[in-house]
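Okay, so here's the structure we're looking at.
The values are calculated or read from the model by the stated rules, or taken from the named source; none is laboratory data. For clarity, every value in this text was computed on a predicted model and none was experimentally measured. In this analysis, Cβ positions are derived from the backbone assuming ideal geometry, glycine residues included, and neighbour counts consider all displayed protein chains.
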Amino acid sequence: MTTLAPYAAREDRSRGRRYAEAPPQGRGEFQRDRDRIVHSSAFRRLEYKTQVFVSHEGDLYRNRLTHSLEVAQIVRGLARGLHLNEDLSEAIALAHDLGHTPFGHAGQDALDDCMKAYGGFEHNAQSLRVVDELEDKYAEFTGLNLSFETREGILKHCSQARAATLGDVGERFLLKRQPSLEAQLTNIADQIAYNNHDVDDGLRAGILSIEQLLDVPLFARFHAEVTARYSALTPRQLRHETIRRMINALVIDLHGETARRLAMAGLADIDAVRAHPETLVSFSAAMQRDNRDLKRFLNEQLYQHASVYRVMHKARRIVRELFEALFGDGRLLPPAFQAAARNAEGDAGRARGVADYIAGMTDRFAADEHARLYDLRHLR
Ligand code: MG
């Protein structure tokens, strides 16, 4: 690893783990976090959870696992270039979506609706719950017992009400403080990854066209550059050559603007990062505009597209009806969750257990379980 900047997260100044442990051998603390995340079952489930396209629609579309790997790849390069902690950034990137429900945002919204009377459901807070509570295979602690800095990065946003229940990692939302630069960087790397791979998947699915995308300045600029330089590209080559330039431009701009802001801020250490009045990881003003246009385009043309919407409509119903059945009659839960439900305090505790169970489902398992519960031709 290159030398860390003074304002980078450092293992020797970590705020530590919830349960004290002996220091790792042969690897650093944040590498140990990364390794625990990769060995978790929630991480393996990401492979069968939707990003935008339902995972059975085709093998080449992104899922939450490949998305998380792309985020990790983008953020590691950025962290290294900015002399920030690459291991911490990687750990945060690989864990950031662990709490995501099946069926992407449609699933999250449906589960949040079901949980309205019981404290709601937020996928970010759920990612933290997965690493703090739900992974259960270590002898000496519940969860993965990750470092404070990794947990701080996982909790990107959360409501004030929930923050008040989360102890040390919730504090910054109440005090309006910033997370580490590594956390800020991973947050933007997440956006760079999904904006670009959603363009790629949207084109591959035939939902977006090149002609439509020429209305997006960032895409149009690099599309023109590529077509001027190469005269006989296949559609696949043209798509890839354009998108890789977009990713590169976003990364280079983010690096440049962030380095400039860091130089101006003159921060002594990570405490100064946390106390700074605003986040310091940022695109330039021009790139912020381009990025906003790209986002708006995807919102209007891809995420709301009729064929995506139809599937998501069904997905919401699957999640809602799963919740109704499992919360309505706890005997329908698997034995381990039944035991947890018996020990849970009140309806809110029981509802939380059902939400944990549903949030952990893959797309396929959720659809199959719904069929097992509701399709009368299934008698098992
Ligand atoms: Mg993400």
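Looking at the structure I just gave you, is ALA336 out of contact with any strand residue (DSSP E or B) (no Cβ under 9 Å at 6 or more places or on another chain), closer than 24 Å to SER127 by Cβ and exposed (fewer than 12 other Cβ atoms within 10 Å of the Cβ)?
Numbers: out of contact with any strand residue (DSSP E or B) (no Cβ under 9 Å at 6 or more places or on another chain): yes; closer than 24 Å to SER127 by Cβ: yes; exposed (fewer than 12 other Cβ atoms within 10 Å of the Cβ): yes.
Yes.
Among the residues of segment 175-209, those that are free of Cβ contacts under 8 Å to residues at least 12 places away in the same chain and more than 16 Å from GLU300 (Cα to Cα) comprise LEU175, LYS176. Restricting attention to segment 27-56, and to residues there that are within 22 Å of ASP201 (Cβ to Cβ) and in contact with a strand residue (DSSP E or B) (Cβ under 9 Å, 6 or more places away or on another chain), which single residue is nearest to the ligand (Cβ to nearest atom)? Looking at residues that are within 22 Å of ASP201 (Cβ to Cβ) and in contact with a strand residue (DSSP E or B) (Cβ under 9 Å, 6 or more places away or on another chain), I get GLN51.
For segment 91-100, the condition of being crowded, with 24+ Cβ neighbours inside 10 Å and away from the ligand (no atom under 12 Å from the Cβ) holds for at least one residue. Note on segment 201-237: residues that are at pLDDT 95 or above, surrounded by 11 or more Cβ atoms within 10 Å (Cβ to Cβ), among the hydrophobic types (A, V, I, L, M, F, W, C) and in a helix (DSSP H, G or I) total 8. Against the numbered list (1) within 16 Å of the ligand (Cβ to nearest atom); (2) among the polar types (S, T, N, Q); (3) buried (at least 22 other Cβ atoms within 10 Å of the Cβ), ASN187 comes up short only at (3).
Among the candidates THR142, THR150, the residue that is β-branched (Val, Ile, Thr), under 15 Å from ASP33 (Cα atoms) and exposed (fewer than 15 other Cβ atoms within 10 Å of the Cβ) is uniquely THR142.
Restricting the search to helices (runs of 4 or more DSSP H) fully inside segment 54-165 and requiring at least 1 residues that are within 17 Å of the chain's Cα centre (by Cα) gives 64-81, 86-95, 104-114, 123-129, 148-154.
Residues that are modelled with pLDDT of 90 or more and farther than 22 Å from ILE192 by Cβ: which helices (runs of 4 or more DSSP H) entirely in segment 270-380 hold 3 or more of them?
Once the helices (runs of 4 or more DSSP H) in segment 270-380 are filtered for at least 3 residues that are modelled with pLDDT of 90 or more and farther than 22 Å from ILE192 by Cβ, what remains is 270-275, 306-328, 346-359, 363-374.
Across segment 104-123, the number of residues qualifying as within 15 Å of the ligand (Cβ to nearest atom) and either on the phi > 0 side of the Ramachandran plot or touching a Pro at 6+ places or on another chain (Cβ under 9 Å) (or both) comes to 1.
Evaluating LEU250 against the criteria (1) within 20 Å of VAL75 (Cβ to Cβ); (2) more than 16 Å from the ligand (Cβ to nearest atom) leaves one unmet condition, (2). If you scan segment 259-318, which residues turn out to be of a type in the set (A, V, I, L, M) and touching a Ser or Thr at 6+ places or on another chain (Cβ under 7 Å)? Result: ILE270, VAL273, LEU280, VAL281. Got at least one residue in segment 120-129 being in the same structural domain as LEU144 (by TED's automatic domain parsing) and touching an Asp or Glu at 6+ places or on another chain (Cβ under 6 Å)? Within segment 120-129, one or more residues are in the same structural domain as LEU144 (by TED's automatic domain parsing) and touching an Asp or Glu at 6+ places or on another chain (Cβ under 6 Å). The criterion of being modelled with pLDDT under 95 and closer than 30 Å to ASN299 by Cβ holds for LYS156.
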